[in-house]
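Working notes, structure below.
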Amino acid sequence: MPSISSRASAIQPSRTIAFNQRARELKAAGQDIIDLTVGEPDFRPPAAVLEAAAAAVLKGADRYTPVAGLPELRRAAADMYRQYKGLDYAPEQLVVSCGAKNGIANAMLALVNPGDEVIVPLPAWPTYTEMARLAGGTPVTTPSDAATGYKLDPERLRAALGPKSRLLVVGTPSNPTGAVYTLAELEALARVLEAFPDVWILSDEVYSRIRYVPEVPSPAAIPSLKDRCVIIDGLSKSHAMTGWRIGFSAAPASVTAACVAIQGQTVTCAPGISQLAGLAALTGDQSPVDAMVAAYTKRRSDFITSLRSVPGFIVPQPDGAFYAWPDVTGLFGLSWKGRPLENVDDVALFLLEEALVALVPGSAFGDPASLRFSFAASDALLASAANRIHEAAASLHDR
Ligand SMILES: Cc1ncc(COP(=O)(O)O)c(C=O)c1O
């Protein structure tokens, strides 16, 4: 059989999906698994979104739209960037894509040449490195830990930058850690970037509405960076619209034009029905979003409090997104049914099999110390998951 491309062989399948798949298999085999693997809101989209989609179906909005999206949705997205991020973009600088992921793919393909280096601060959503590889680039990862709040600091950025650097990826709030960069932290990074004027910044802000701090500053708010930024957002998380596939990117006009050209030759456009639903999401009453964020805020507080009392867990407070990110190195060296816990994969497997709680080990995000639990699940499920984790942890013993 002829071989697949070197591009395709170079990328890793999603380990989050692999852990979710394992949880599904155990569930299908009759195990009572609590699945906290996937980053998907457990809410329905706002009612107005569903109604707008139904009306769009009936009125026959099932045709291609302009490649960059319906003009009224691009306007609404530009308004959203202004209102929630304080960023001024003309609607013509916005592209509507099939989810934020498609916007990130367009941007990587538009900006990265074969051999270019893409700096990805870890821990990070694994798609960034794989997408960089798909674009022919070389991911350059740089670790961080609790000491820097799991954020890139100027020293590490300086060490990662070199003549081949082309793009820096920033995720704020971060998946998996929930870290949010302050404006001062972004300004410190901007000062380092001044010496590297050919480096673009891709800021993934898809979780920015789900935050527990007053604001999520964007690197594009820094005047010296604005013309070097692509700002990604979308409706999957904010409006619980994962399957509707609506994402946005905002960028300087030349980058927007390149992204539109790529999108026009790949997916053509985001689905028209979803675009009209997305318009309703952005222009309608925002109280359903506030209600979801209020629910996440309560879960964050309750779930993190209970995880903090598990011996061996050190649990930071996330500033955004809906993940708990405990450092579990305190469990390394303990044993379970004669099996040693030596790394985060062992701990994830232990919790899956012994506590019947599915989660993703930090290794999937380039981190050797932590686990990621999604708290986009009901209060009852989270309480039960925490109880099970306590019981399982109590069964651990010294080797
Ligand atoms: C950090 C991050 N960016 C982007 C996405 C993709 O969002 P979308 O569903 O809009 O493609 C996800 C989804 O999990 C994510 O966690």
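The set of residues in the range 200-249 that are open to solvent by 10 Å² or more (accessible area, probe 1.4 Å), touching a Ser or Thr at 6+ places or on another chain (Cβ under 8 Å) and more than 11 Å from the ligand (Cβ to nearest atom) comprises Arg209, Tyr212, Val216, Pro217.
Output the residues belonging to the range 145-172 that are under 13 Å from Glu185 (Cβ atoms) and within 16 Å of the ligand (Cβ to nearest atom). Let's see the steps before the verdict.
We begin by selecting, within the range 145-172, every residue under 13 Å from Glu185 (Cβ atoms); these are 148-157, 170, 172.
Passing the criteria: Tyr150, Lys151, Leu152, Val170, Thr172.
Evaluate the range 45-54: report whether one residue or more is modelled with pLDDT under 95, over 30 Å from Phe350 (Cα atoms) and not in a helix (DSSP H, G or I). Within the range 45-54 (the criterion being modelled with pLDDT under 95, over 30 Å from Phe350 (Cα atoms) and not in a helix (DSSP H, G or I)), the answer is no, since none of the residues qualifies.
One residue stands out among those in the range 61-80 that are closer than 10 Å to Thr283 by Cβ and in contact (Cβ under 8 Å) with a residue 24 or more places away in the chain: the one that is surrounded by the most Cβ atoms within 10 Å (Cβ to Cβ), which is Leu73.
Taking the stated definitions as given, is Lys164 among the charged types (D, E, K, R) and closer than 21 Å to Phe248 by Cβ?
Numbers: among the charged types (D, E, K, R): yes; closer than 21 Å to Phe248 by Cβ: no.
Answer is no for this residue.
Determine whether Pro139 is in contact with a Pro (Cβ under 7 Å, 6 or more places away or on another chain) and within 16 Å of the ligand (Cβ to nearest atom). No; evaluated as a whole, the condition is false for this residue.
Just to check your reading of the model, which residue among Ala23, Ala18, Ala48, Ala56 is open to solvent by less than 70 Å² (accessible area, probe 1.4 Å) and under 23 Å from Gly103 (Cβ atoms)? Steps first, answer last, please.
Details: Ala23 fails: under 23 Å from Gly103 (Cβ atoms); Ala18 fails: under 23 Å from Gly103 (Cβ atoms); Ala48 fails: under 23 Å from Gly103 (Cβ atoms).
That would be Ala56, the only listed residue that is open to solvent by less than 70 Å² (accessible area, probe 1.4 Å) and under 23 Å from Gly103 (Cβ atoms).
Can you pull out the residues in the range 348-375 that are touching a Gly at 6+ places or on another chain (Cβ under 7 Å) and either closer than 20 Å to Gln31 by Cα or open to solvent by 10 Å² or more (accessible area, probe 1.4 Å) (or both)? Correct list: Pro368, Ala369, Ser374.
In the list Ala78, Ala29, Ala68, which residue meets the criterion of being of a type outside the set (D, E, K, R) and out of contact with any helix residue (DSSP H, G or I) (no Cβ under 6 Å at 6 or more places or on another chain)? Talk me through it step by step, then tell me what you get.
Numbers: Ala78 fails: out of contact with any helix residue (DSSP H, G or I) (no Cβ under 6 Å at 6 or more places or on another chain); Ala68 fails: out of contact with any helix residue (DSSP H, G or I) (no Cβ under 6 Å at 6 or more places or on another chain).
Just one listed residue meets the conditions, Ala29.
The listed residues are Gly243, Gly171, Gly247, and the only one of them that is at pLDDT 95 or above and under 15 Å from Phe322 (Cβ atoms) turns out to be Gly171.
The values are calculated or read from the model by the stated rules, or taken from the named source; none is laboratory data. Being a predicted model, the structure only gives us computed values, none of them experimental. Cβ coordinates were reconstructed from backbone atoms using ideal geometry, including for glycine residues, and neighbour counts include every protein chain displayed. Ligands, DNA and RNA are stripped out before the accessible areas are found, and what is left, the full protein with its side chains, is counted by its heavy atoms. Shrake-Rupley method; radii C 1.70, N 1.55, O 1.52, S 1.80 Å.
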